[in-house]
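One structure is given here, and the rest of the page talks about it.
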């Protein structure tokens, strides 16, 4: 798999970057060829098929405003409404499994007004997308960001039955939609499941967070009936009560036996999404992990990725993490002390035909610097670009602080999407953080049927979390996984974070980043658009728009100049500085409010998390000794017994004592006047008098909680939001 294809004809430069389910096309012309430039028309021809013009969501005449609904949106062929951008991500409705030719035409205005004509054209041939490494591959969902292609192909067909959501509905009517929306990520997941299904001697371990995809649940139950599966399932508050995951957990426990299922959430969430295959002796063989939840939303609505490693060493690290979480009922303290959480574990020290240069960190960690420190260092050392999607960027930790610092660096192109407790914001190329688009507004712009799966709340809009550094530079790097890339999560959640130092992977993830960023950037512009000032294309003589659309991209001080050159692979002088304005005030929070990936009022770094509780099965035979985490890339010799020991009782919450301490500190800090002292003395005397008059009360005996309620309980002070989804 190549990382770029370049062609230049009569000054028109076209660069194609093959992605997972998409292709990035970048264009540029010399400044001398910009007079009357109307934009670019792009045509795609897959082998054996007719050529088609790519569609533009803007046109010269149709107005797009904040009131425009998905149903009202019109798409126009780009030879009639040229792309007034220097890059575009194409998402072919029929995939990237065939060779495709992209023909790009520079379009020019013939004079004042909207009449246009073709200029120079250049073509690039993109081969079928293939995997770069034999035993390591990444795959992505399409999700609702591909909603226009979905509408064309499936006419907005539903993706689950109406009514109450269940984990066991019949998926047969939805298989075509699922295969298309889940794309490569779904294909890799079910290929992994089929491999485990066909190998009757293997054992399967599963970490799950959101879990309601019926075919995944059915497979886990099938392995359970065959007595060869264990599962660690999240039971944070959002996965209790009427949540679909409660019924899913019941089905799995009925099939596998309660002794083979642990329900817990570390200090906040069991946030891993992992399948591990072990051989008959228990030695790890393969692993699938990433950001994709095993849910309808995770596979078919959100933008997500999975990584499959057919490598015993990599699988061994995840197996050691699973064994610890399973044996210790997701104890944060015990996991943070284990060898597996102390450092990044090496996958390959250098690129080989089978593996890219990479390493993986598994949390919760005693210190978030274990995983986020190396990421912050790479971001800080960026020389050309940083692209990212993260949660709660104003949280604690060096990584998130470094993202704001790099946004102001004039020699680096920085572009990102961030999700806060209130909504979503896009960090523009000039470093400015755009206004936060609240979740209700974002939901209103999601087309059917995806709108039925989107809650108007935090944690589910930007799900494919990652950071890409210098994607087309000499030393590229990608950080991705289930991690939210924030300090609180790294110390409180069960998560994975992989560092891949490889240009092909960096390119693929960069394209995914641009798809997400450009999607939400357009929503950001829509929110500010009105009937008086709508979104539509520029043309000579357009009222109130004298400067041509392309002018900033040829101003060396403007970041759009750097954007054009970066993606068109045009070298920039190393000393060239773009004007930056890294104003992030739009997402600033008052002192003492949340950060680091949690929606609780206090910063995760400012409080000691309460010890997690977990649903305990009946006492069972204790397992064999747990293997220690591999110090080198070799898998554990064997898995422990499929039965688990009963975890020790959780310590009581310190919430009440903490509240008294805070109240006392506030009282001591408040200056007291003479009047205040008199009032305090009067209140104290009245309180004593009232107390003396009251008869003594016999404490009432509290009703015992059911076993189910005990299992669902959360320690006080923990976040209950969907932030870490």
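The values are calculated or read from the model by the stated rules, or taken from the named source; none is laboratory data. This structure is a prediction, so every number in the text was calculated from the model and none was measured. Note that each Cβ is placed from the backbone with ideal geometry, even for glycine, and that neighbours are counted across all protein chains shown.
Before moving on, here are some points about what is shown:
- Close pairs from region 516-528: first in contact (Cβ under 8 Å) with a residue 12 or more places away in the chain, partner surrounded by fewer than 17 Cβ atoms within 10 Å (Cβ to Cβ) and in a helix (DSSP H, G or I), Cβ under 7 Å, at least 6 apart: 527/441
- Any hit, region 457-467, residues being at pLDDT 95 or above and in contact with a strand residue (DSSP E or B) (Cβ under 8 Å, 6 or more places away or on another chain): yes
- Among the residues of region 211-257, those that are closer than 23 Å to residue 269 by Cβ, assigned to a helix (DSSP H, G or I) and in contact with a strand residue (DSSP E or B) (Cβ under 7 Å, 6 or more places away or on another chain) comprise 216, 217, 220, 245, 248, 249, 252, 253, 256.
- Odd one out for residue 35 among (1) touching a strand residue (DSSP E or B) at 6+ places or on another chain (Cβ under 9 Å); (2) buried (at least 16 other Cβ atoms within 10 Å of the Cβ); (3) under 30 Å from residue 530 (Cα atoms): (2)
- Residues that are in contact (Cβ under 8 Å) with a residue 24 or more places away in the chain and surrounded by fewer than 17 Cβ atoms within 10 Å (Cβ to Cβ) within region 20-32 comprise just one, 31.
- A single entry from 169, 207 fulfils the requirement of being more than 26 Å from residue 21 (Cα to Cα) and assigned to a loop (DSSP other than H, G, I, E, B): 169.
Okay, residues lined up against (1) out of contact with any helix residue (DSSP H, G or I) (no Cβ under 7 Å at 6 or more places or on another chain); (2) part of a loop (DSSP other than H, G, I, E, B); (3) closer than 13 Å to residue 467 by Cβ; (4) in the same structural domain as residue 430 (by TED's automatic domain parsing):
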site	(1), (2), (3), (4)
318	yes, no, no, yes
322	yes, no, no, yes
329	yes, yes, no, yes
340	no, no, no, yes
346	yes, no, no, yes
355	yes, yes, no, yes
372	no, no, yes, yes
376	no, no, yes, yes
383	yes, yes, no, yes
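- Evaluation of residue 169 against (1) crowded, with 17+ Cβ neighbours inside 10 Å; (2) modelled with pLDDT of 90 or more (one fails), failing number: (1)
Residue-by-condition table, conditions (1) surrounded by 15 or more Cβ atoms within 10 Å (Cβ to Cβ); (2) farther than 19 Å from residue 292 by Cα; (3) in contact with a helix residue (DSSP H, G or I) (Cβ under 8 Å, 6 or more places away or on another chain); (4) in the same structural domain as residue 92 (by TED's automatic domain parsing):
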residue: 140; (1), (2), (3), (4): yes, no, yes, no
residue: 161; (1), (2), (3), (4): no, yes, no, no
residue: 173; (1), (2), (3), (4): no, yes, no, no
residue: 183; (1), (2), (3), (4): yes, no, no, no
residue: 186; (1), (2), (3), (4): yes, no, yes, no
residue: 193; (1), (2), (3), (4): yes, no, yes, no
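- Annotation: residue 183 fulfils all but one of (1) in a helix (DSSP H, G or I); (2) in contact with a strand residue (DSSP E or B) (Cβ under 8 Å, 6 or more places away or on another chain); (3) at negative phi; the unmet one is (3).
- Every listed requirement among (1) closer than 30 Å to residue 417 by Cβ; (2) part of a helix (DSSP H, G or I); (3) touching a helix residue (DSSP H, G or I) at 6+ places or on another chain (Cβ under 6 Å) is met by residue 306 save one, (2).
- Complete set of residues in region 2-19 that are surrounded by fewer than 16 Cβ atoms within 10 Å (Cβ to Cβ), assigned to a loop (DSSP other than H, G, I, E, B) and within 32 Å of the chain's Cα centre (by Cα): 2
- Qualifying residue in region 477-490 (condition: without any contact (Cβ under 8 Å) to a residue 60 or more places away in the chain and crowded, with 22+ Cβ neighbours inside 10 Å): yes
Okay, residues lined up against (1) in a strand (DSSP E or B); (2) modelled with pLDDT of 90 or more:
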{"site": "39", "(1), (2)": "yes, yes"}
{"site": "42", "(1), (2)": "yes, yes"}
{"site": "48", "(1), (2)": "no, yes"}
{"site": "58", "(1), (2)": "no, yes"}
{"site": "62", "(1), (2)": "no, yes"}
{"site": "71", "(1), (2)": "no, no"}
{"site": "74", "(1), (2)": "no, no"}
{"site": "79", "(1), (2)": "no, yes"}
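- Taking the conditions (1) within 30 Å of residue 481 (Cα to Cα); (2) buried (at least 17 other Cβ atoms within 10 Å of the Cβ); (3) at pLDDT 90 or above in turn, residue 151 satisfies each one other than (3).
- Residue within region 127-136 that is outside any loop (DSSP other than H, G, I, E, B), modelled with pLDDT under 95 and touching a strand residue (DSSP E or B) at 6+ places or on another chain (Cβ under 8 Å) present: no
- Of all the numbered requirements in (1) in contact with a strand residue (DSSP E or B) (Cβ under 9 Å, 6 or more places away or on another chain); (2) assigned by TED's automatic domain parsing to the domain that holds residue 235, residue 178 misses one, and that requirement is (1).
- Of all the numbered requirements in (1) at pLDDT below 90; (2) assigned to a helix (DSSP H, G or I), residue 566 misses one, and that requirement is (1).
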